[in-house]
Amino acid sequence: GHRRGHARCRSHGAFRNDHRGRASNPPSQEGVAARRDHRQFDVIVTENMFGDILSDEASMLTGSLGMLPSASLGEASSAGGRGTFGMYEPVHGSAPDIAGKGIANPLATIISAAMLLRHSLGEDRAAEDIERAVAEVLDAGLRTADIAAAGASSVGTDAMCEAVIARLS
């Protein structure tokens, strides 16, 4: 719990010391502040491990890691932001503990693909179509087990993907 998190933050003292003058709080304090009132942050710049810790903490705002897309972006090209190099993936990564069981929430992966279309390929319309399809599926009440209310029915990975695809047609 607390001791483990404290050890991780302390182990990244070089990052904290290098960036202390550029941030209002050192990373360990920003993590607490982000949990207390996330609206005060538009962007948090951090190194990889601390970013992983913060993104796991932030997943509780959405209720599940399965709802969080992510992108690690390079600098935008001179063509109006088109062609930005990036790596896109769901925050949860490959989720090896549930791989092959048909229970993973695919929405973060799908939305990560929409981000790729928008930021690296300049396909804003296609990205919007995917985001709309995901919103429609959620508005219709479809839920995977990780985001379903207690006792409510849920669908598996394939059914959620098929529902999104059907709304793209």
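A few points about this structure:
- Every Cα-Cα pair of the stretch 99-153 was included, and the share exceeding 16 Å stands at 50 percent.
- Built amide H within the under 5 Å cut-off of V155, gap 5+: R143, T144, A145
Each reported figure results from applying straightforward, stated rules to the coordinates on display, with no laboratory input. Here the structure is a predicted model, which is why all the values come from computation and not from measurement.
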